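K.L.:
First the structure, then my questions, so here it is.
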Amino acid sequence: MEQRLIEPAAPAQAAALFDGWQETLIWSALEGCMGHIWVVSQKPRAALCETGDFLFLSGAAQDPESRLLLDAWKRGNEGFKILVPRDQACGALIEELFGRDVVAGTRYAFEKGGEHFDAAHLLRLKAGAPEGVDIVPVDGALYHQAAQNEWSRDFVSQFHNAQDYLRRGIGFAALHEGRLVGGASSYTCYSKGIEIEVQTLDGWRRRGIASACCAALILECLKRGLYPSWDASNPVSVSLAQKLGYRLAGPYPVWIRGIHK
């Protein structure tokens with residue numbers, strides 16, 4: 001009989017499997033804000049959390065339920081995904097089941113609560129955008145502009161529409177003559193914070209735009225009592241995070257399926 005994924009009506013059913021995992025994308029799904037929790041039984045011993053481009057696997061790799069769960073998801077889904085295992089054994093299971101369909105990679109986690117945000121420093125960074133570039137909050141018109149461009153789509157991609165973004169999201173855009181050239185925004189959200197997405201258009205990088213937008217976003221989050229979470233995909237992002245006041249927790253392995261578009 002084919003094993004099918006079951007999405008629990010209450011994500012809390014699988015919450016214990018993600019205990020201690022300091023990942024806001026998981027918190028988003030567990031709260032029912034964004035994403036899904038997948039299991040293959042009513043009393044799960046393994047679970048998948050799928051939020052945006054990320055898929056988190058938690059459970060004992062040697063438990064048959066972990067294999068059934070991951071295999072069921074693989075057969076039912078295509079396209080780009082970043083697979084994140086809870087431990088080394090789960091990573092080996094991903095490699096076994098996906099084979100050449102995935103490529104091993106590395107991301108970088110940051111301490112949650114170990115930041116040192118200096119408001120004066122962030123204000124200086126916010127003011128450091130190049131001449132002729134304005135740093136402004138993302139509104140409905142900028143939501144649509146971001147959604148139309150491949151490079152900036154993830155500023156808003158996890159929200160249902162502009163109204164949903166304006167209600168739950170938060171972001172700052174860098175504009176040159178009205179054109180979006182960079183920004184920092186909430187990739188995802190949960191009740192106590194956001195996960196930051198930052199991008200700069202080719203040709204505008206290394207000019208202080210990312211620093212200015214991120215500084216503006218962090219300051220606004222702190223003003224609202226929201227946590228601005230950071231996770232990095234490369235050393236450049238690590239360096240920017242540390243410049244803003246984040247403290248590196250360390251690298252972690254991921255497996256990447258497909259090409260991001």
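K.L.:
Taking amide H atoms as placed 1.01 Å from N in the peptide plane, list the residues 5 or more away in sequence, or in a different chain, whose amide H sits under 5 Å from that of Y227.
P.N.:
The answer is G193, I194.
K.L.:
Of all the accessible heavy-atom surface of the stretch 152-225, with the other protein chains kept in place and a 1.4 Å probe, what percent is carbon and sulfur?
P.N.:
Details: 1370 of 3150 Å².
After summing per-atom areas, the C and S share lands at 44 percent.
K.L.:
With mean projected area of the Cα convex hull in nm² defined as stated, name the option among [x] 14.7; [y] 13.9; [z] 23.9 computed from the structure displayed.
P.N.:
Correct label is [y].
K.L.:
Tell me the angle of helix 209-224 to the major Cα principal axis of the chain, expressed in degrees between 0 and 90 and rounded to the nearest ten.
P.N.:
That works out to roughly 80 degrees.
K.L.:
Tell me, what is the per residue accessible area of the stretch 172-261 in Å², probe radius 1.4 Å? All intermediate terms of the calculation are to be shown ahead of the outcome.
P.N.:
Details: 4000 Å² over 90 residues.
With the other protein chains kept in place, the stretch 172-261 gives 44 Å² per residue.
K.L.:
Ignoring ligands and nucleic acids, what accessible area does R153 show with a 1.4 Å probe (Å², nearest 10)?
P.N.:
Estimated to the nearest 10 Å², R153 gives 90 Å².
K.L.:
Quick one: Cα centre-to-centre distance for the stretch 188-237 and the stretch 107-161, in angstrom?
P.N.:
Rounded to whole Å, the Cα centres lie 5 Å apart.
K.L.:
What residues qualify as long-range amide H neighbours of L55, i.e. H under 5 Å apart, gap of 5 or more or another chain, H built at 1.01 Å from N?
P.N.:
I82, L83, V84
K.L.:
How much of the accessible area of the stretch 43-138, probe 1.4 Å, is carbon plus sulfur, in whole percent?
P.N.:
Details: 2300 of 4760 Å².
With neighbouring chains kept in place, the figure for the stretch 43-138 is 48 percent.
K.L.:
Write down the accessible area per residue of the stretch 1-128 in Å², having rolled a 1.4 Å probe over the full set of protein chains.
P.N.:
On the way: 6440 Å² over 128 residues.
Spelled out: the 1.4 Å probe surface of the stretch 1-128, per residue, equals 50 Å².
K.L.:
If contacts are Cα pairs under 8 angstrom and at least 6 residues apart, what is the relative contact order of the chain in percent? All intermediate terms of the calculation are to be shown ahead of the outcome.
P.N.:
Values: 511 pairs, mean separation 59.1, N = 261.
Reported relative contact order: 23 percent.
K.L.:
Less than 30 Å apart at the alpha-carbon level, and either on another chain or at least 8 residues along: which lysines does that give for K74?
P.N.:
Cα-Cα hits under 30 Å: K43, K261.
K.L.:
Would you grab the residues whose amide H sits under 5 Å from the one on G182? Only those 5+ places off in sequence or on another chain, please, with H modelled 1.01 Å from N.
P.N.:
It is A174, L201, by chain and number.
K.L.:
Okay, next question. In whole percent, what relative contact order does the stretch 120-240 give with Cα contacts below 8 Å and a gap of six or more residues? Before the final figure, lay out the partial values.
P.N.:
Numbers: 211 pairs, mean separation 32.6, N = 121.
Over the stretch 120-240, the number comes to 27 percent.
K.L.:
Near F159, within a Cβ-to-Cβ distance under 15 Å, what is the net charge of the other residues, with Lys and Arg +1 and Asp and Glu -1?
P.N.:
Numbers: positive: R153, R167, R168; negative: D53, D139, D154, D164, E195, E197.
With Lys, Arg at +1 and Asp, Glu at -1, the net is -3.
K.L.:
Only bridges whose two residues both fall in the chain count here: according to DSSP, what percent of them are antiparallel, nearest 5?
P.N.:
On the way: 43 of 50 bridges.
If we restrict to bridges inside the chain, about 85 percent are antiparallel.
K.L.:
With springs only between Cα atoms under 10 Å apart, run a GNM on the chain and tell me which of R45, R205, R67 wobbles the most.
P.N.:
In this elastic network of the chain, the residue with the biggest mean-square fluctuation among R45, R205, R67 is R205.
The values are calculated or read from the model by the stated rules, or taken from the named source; none is laboratory data. Note that this is a predicted model, so its numbers are computed, not measured. Counting neighbours? That spans all protein chains shown, and the Cβs are built from the backbone with ideal geometry, glycine included. In case anyone asks, the SASA skips ligands and DNA or RNA and just uses the protein heavy atoms, side chains included. Shrake-Rupley method; radii C 1.70, N 1.55, O 1.52, S 1.80 Å.
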